[in-house]
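Have a look at the structure below, then the notes.
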Amino acid sequence: MTIRVGYFPNNNSLFVLRHTGLLEERLPDVEWVDLRDLPASPTVDPRTALPSLHSDWLFETGGYDIIGTGFTPPITGLGQGRDLAYIGISGPRVENGRLVSLADSGIRTAADLRGKRVGIAHGSWQTTLVLLALDRVGLTWSDIVPVDVDVNAGGAALLTGELDAWVGAYPGLAGVEAQARLHTLVDTDGLFSHPSLWFTRREFAENHRAELEAIVAALQESDAAIVADPRAAARYFVDDAERRGGTADPDRWEDALRGRPFGIGPVTDEFLDEQQRAADLLHANGLLPKTVDVRDAVVPWIGDVVAATQAVAAS
């Protein structure tokens, strides 16, 4: 059976693993599915709904069996009634990005965002960050104008005044910092842990334990290689950007990778509490069609497998 693994640059671990060949040493019959090459889902109004692309392709023909994303997509999938299973999480990535405005905009705190245009890669961790930040100052999603922007295009929109605030992430955020003085409205640190995470279909987990174990072990090995040589890992992202007709700065990619946690750990109660709080807020603000219990997506033996590979990687 061919095992299909989804990947894209935003999940650094799977993107690097795609290029190392380490998974093929354990699973010769593996197929890599670039999310950017899959048909786009219908757009949703960021004021009233969440895009469900990442979880949808776990269940649709031509999709994949495993995916790694940021914080929000598994919540979205659960809210759409998808039978998902968490695989594992990275350490906190609080250094990865933050909510900013231009220093001379007069927007100084999250409370100043009422009626303002806030740029986010909607449906990603950025949606959760903004929602948590608003809730902390007594505002709701309907108090802002959310604008769905590409992670790379949002900075330019902030600089031209099309956005009043933007959730930037490195390395793209570094490019904007080099062009303008920014003011931090909300740091990720202190708001939520913002890990990378990996998930699958429950059916896949239950029927393909050996393959899942191989994927986790390969990810641990590949992540260790990123830590050992972030410069080499950065080249994968630069080369990919150039193949697609763009440019990327290897120094900025290396800096970004050096500052991120790598390695997969089992899901924790603290992480699940954060997921549940986000799910409750997403539903209360009209973005999630139904309430969910995120602990329904926990498969205990998967945590044991991840913990075992984590111990091997650390030895």
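Probe radius 1.4 Å, ligands and nucleic acids ignored: give me the carbon and sulfur share of the accessible area of the range 231-315 as a rounded percent.
Working: 2180 of 4410 Å².
Carbon and sulfur: 50 percent of the exposed surface of the range 231-315.
In sequence order, the range 109-117 has phi-based couplings of 9, 4, 5, 7, 7, 4, x, 8, 8 Hz under the Karplus curve 6.51 cos²θ - 1.76 cosθ + 1.60, θ = phi - 60°, and Gly or Pro positions carry x.
Taking the Cα centre of the range 1-138 as origin, sum charge times position over the Cβ atoms of Lys and Arg (+1) and Asp and Glu (-1), and report the length of that vector in debye to the nearest 20. Provide the component values of the computation, followed by the final result.
On the way: 13 positive and 15 negative charges, 154 e Å.
Dipole magnitude for the range 1-138 comes out near 740 debye.
Amide H to amide H, with H built 1.01 Å from N, Leu287 comes under 5 Å of no residue 5 or more places away or on another chain. Comparing Ala234, Gly265, Thr309 along the charge dipole axis of the range 209-315, the residue lying farthest to the positive side is Ala234, per the Cβ-charge model. The convex hull of the Cα atoms of the chain, projected and averaged over all directions, covers 15.1 nm².
Calculate the FRET efficiency for Thr48 and Asp296 from the Cβ-Cβ distance with a Förster distance of 22 Å, rounded to the nearest 0.05.
For Thr48 and Asp296, the calculated efficiency is 0.35.
Can you give the net charge of the other residues whose Cβ lies under 11 Å from the Cβ of Val149, counting K and R as +1 and D and E as -1? Don't skip to the end; give the middle numbers.
Numbers: positive: Arg117; negative: Asp148, Asp150, Glu162.
Residues near Val149 contribute -2 overall.
Between the alpha-carbon centres of the range 174-202 and the range 1-19 there is a gap of 21 Å.
Given charges of +1 on the Cβ of Lys and Arg and -1 on the Cβ of Asp and Glu, with all other atoms neutral, how large is the dipole of the range 112-246 about its Cα centre, in debye to the nearest 20?
On the way: 12 positive and 20 negative charges, 54 e Å.
The dipole of the range 112-246 has a size of about 260 debye.
For the range 86-115, trypsin sites (Lys or Arg not before Pro) are listed when DSSP marks them as loop and at most 14 other Cβ atoms sit within 10 Å of their Cβ; the list is Arg108, Arg114. In the chain, a dipole from Cβ-located charges (positive for Lys and Arg, negative for Asp and Glu) runs towards its positive end, and of Gly77, Trp253, Ala110 it is Ala110 whose Cα lies farthest in that direction.
Give me the 1.4 Å probe accessible area per residue for the chain, excluding ligands and nucleic acids, in Å². Let's see the in-between values first.
Numbers: 13120 Å² over 315 residues.
I get 42 Å² per residue for the chain.
Compute the angle between helix 230-243 and the longest alpha-carbon principal axis of the chain, please, reported from 0 to 90 degrees and rounded to the nearest 10. Result, in degrees: 70. Each of Pro51, Thr61, Ser41 was placed along the dipole of the range 20-62 (beta-carbon charges, centred on the mean Cα), and the one lying farthest toward the positive end is Pro51.
Each Lys and Arg adds +1 at its Cβ and each Asp and Glu adds -1 at its Cβ; summed about the Cα centre, the chain shows a dipole of about 620 debye. Across the range 139-273, C-alpha contacts under 8 Å between residues 6 or more apart give a mean separation that, scaled by the residue count, equals a relative contact order of 21 percent.
Cβ-Cβ distance of Thr184 and Asp255, R₀ of 25 Å, FRET efficiency by 1/(1 + (r/R0)^6): the value works out to about 0.85.
A straight chain from Ala40 to Arg202 at 0.36 nm per residue would run longer than the Cα-Cα distance by 55.9 nm.
Once you have the Cα-Cα distance between Val312 and Arg26, take 0.36 nm times their residue separation minus that, and quote the gain in nm to one decimal. Intermediate values should be presented prior to the final figure.
Values: separation 286, 0.36 × 286 = 102.96 nm, distance 1.60 nm.
Computed gain between Val312 and Arg26 is 101.4 nm.
Distance between the pseudo-spin-label points of Leu159 and Thr2 (7 Å out from Cα toward the beta carbon): 4.2 nm. Projecting label points 7 angstrom from Cα along Cα→Cβ for Arg114 and His283 puts them 2.9 nm apart.
Rounded to the nearest Hz, the phi-derived 3J(HN,Hα) couplings of the range 141-155 under the Karplus curve 6.51 cos²θ - 1.76 cosθ + 1.60 (θ = phi - 60°) are 4, 6, 7, 10, 10, x, 10, 7, 10, 4, 4, 8, 7, x, x, where x marks glycine and proline.
Under a 5 Å amide H cut-off, with hydrogens placed 1.01 Å from N, Val299 pairs with Tyr86 among residues at least 5 apart or on other chains. The fraction of accessible area contributed by carbon and sulfur in the range 138-200 is 46 percent, rounded to a whole number (1.4 Å probe; ligands and nucleic acids excluded).
Under the definition of Cα pairs under 8 Å and six or more residues apart, what whole-number percent is the relative contact order of the chain?
Working: 561 pairs, mean separation 80.9, N = 315.
26 percent.
The values are calculated or read from the model by the stated rules, or taken from the named source; none is laboratory data. All values derive from a computational prediction rather than experimental measurement. Cβ: placed from backbone, ideal geometry, glycine included. Neighbour counts: every protein chain shown. All accessible areas refer to the heavy atoms of the entire protein, side chains included, with ligands and DNA or RNA removed. Shrake-Rupley method; radii C 1.70, N 1.55, O 1.52, S 1.80 Å.
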